[in-house]
Every structure is written in C-alpha cells, then in structure tokens.
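Heads up, the thing below is written out as structure tokens.
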Amino acid sequence: MRKLAIYPGTFDPPTFGHLDIAERASVLFDEVVIAIGVNSAKTPLLSSAERVDALEAMVAHLPNVRVEVFGGLLMDYTVKMGARSIVRGLRAVGDFEYEFQIAMVNRRLQPQVESVFLMTKWDYSYLSSTIVKEVALLGGDITEMVPEVVLPFVHSAVERTHIRRALG
Ligand code: ADP
C-alpha cells in the first residue's frame, strides 16, 4: 500500500522552513499532500488560491508532493484522503507544547492516524510565517526567509494590503 502523509498548515506565506519539512517528508512517504487549512478566524495575507499557486511552485521539484485546500476538521479530511500520517514541523522551542496538545486531541479523534514530527534545519529554526509577514509589511528584505518562487506572491499581497489600508 502506498504511504500517504498529510502536511497541514496555514502557509501564509510558505517559507524555507515549510519547504524543508516538505522535502524531508517527501523522502519518508510515497506521497505527501500539503493541505492548506482555510477555517482560520484570521484574515490571511495571501488568499488560499495564491497559497496553492505559491506552494505548487515551491514544490515543483518534488514529484510526490501535491497541494490541496481543506476546511473543517483535519482528522476528517485525513480519513477522507485515506492517509494514516500527519506531518508537522518542529522548531527551536515554543512549538512542542502546542503540537503535543494538538496531537493528543487528534489521536483521540482518530486513534489510527499517527502524528509525525520532523525537525527543521538549524537555519530555519526561528523562522515563521508571522515573522515573514511582519518584515514584508514593513518593507524589509525577506529573500532569505522565503523561496524565490514565493517572493512575487508575498510582494503583491503586501502591495494590496498597503493599498487597502491607505483607502481605509
Ligand atoms: P499552523 O498555523 O498550522 O501552525 P503554519 O503554516 O504556521 O501552520 O505551519 C505549518 C507547519 O509547518 C507546522 O507544523 C509548523 O510547525 C511548521 N513550520 C512552520 N515554520 C517552520 C519552520 N521554520 N521550520 C520547520 N517547520 C515549520
């Protein structure tokens, strides 16, 4: 049986950290689906369609990785997809307690689905989408945080945000 893993997240925007985890997962599993969750209460910087395009460009070199959007419960989506594994990335500190809690809840919901945690590359262990958004919205350089193919998506979303704010 082909081993399928779901790599869920917000990916607003995708970063080198996300790419690193997707590459590691692509080696461990036959197939990886990057699943963009769209039920967040926050207004994202990038639309879900932009995130799909940015992620597809970012993983174009990984033939066994594809991108989808999902709403509702991650465990329902995972079961619907026929996957037995969820991949999540772990960074330097803060991530563990939150991820542990989510994994415990997910296990209660679907005991047969395993959460798999992959540790990021040293260089990206402090990198987050939130930091990228803050730097980008303030006009800072994000070229070392986001893959080149993702940059145009962030730049146009930042421009749109500035225009929206200027118009009040
Ligand atoms: P979420 O809102 O679900 O946390 P994110 O898009 O922020 O979604 O992150 C998705 C997954 O990628 C999470 O498991 C997160 O820990 C991981 N991740 C985010 N940034 C990095 C990074 N720099 N290195 C490794 N993993 C990361």
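Values as computed for the structure displayed
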| item | result |
| --- | --- |
| Local electrostatic count at residue 124 - Lys and Arg +1, Asp and Glu -1, tallied over other residues with Cβ under 15 Å | -1 |
| Cβ-placed point charges (K, R +1; D, E -1), dipole of segment 46-94 about Cα centre in debye, nearest 20 | 280 debye |
| Carbon + sulfur, % of accessible area of the chain - ligands and nucleic acids excluded, 1.4 Å | 57 percent |
| Mean Cβ neighbour count within 10 Å, used as a protection proxy, ranking 75-82, 93-100 highest first | 75-82, 93-100 |
| Gyration tensor (alpha-carbon) shape descriptor, segment 20-98, a/c threshold 1.5 | rounded |
| Ranked packing of 60-71, 143-154, most packed first, by mean Cβ within 10 Å | 143-154, 60-71 |
| Estimated [θ] at 222 nm from DSSP helical runs (n ≥ 4, -39500 (n - 2.57)) normalised by residues in the chain, nearest 500 | -13500 deg cm²/dmol |
| Mean accessible surface per residue for the chain, computed with a 1.4 Å probe while every protein chain stays in place, in Å² | 57 Å² |
| Dipole of the chain, positive direction: furthest Cα of 106, 168, 57, with charges on the beta-carbon | 106 |
| Paired Rg and Dmax values of the chain, which use every Cα atom, in angstrom | 16.0, 54 |
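The values are calculated or read from the model by the stated rules, or taken from the named source; none is laboratory data. Computed from a predicted structure; not experimentally measured. Positions of Cβ are backbone-derived with ideal geometry, glycine not excepted, and every protein chain shown enters the neighbour counts. SASA here: full protein model, heavy atoms, side chains in, ligands and nucleic acids out. Shrake-Rupley method; radii C 1.70, N 1.55, O 1.52, S 1.80 Å.
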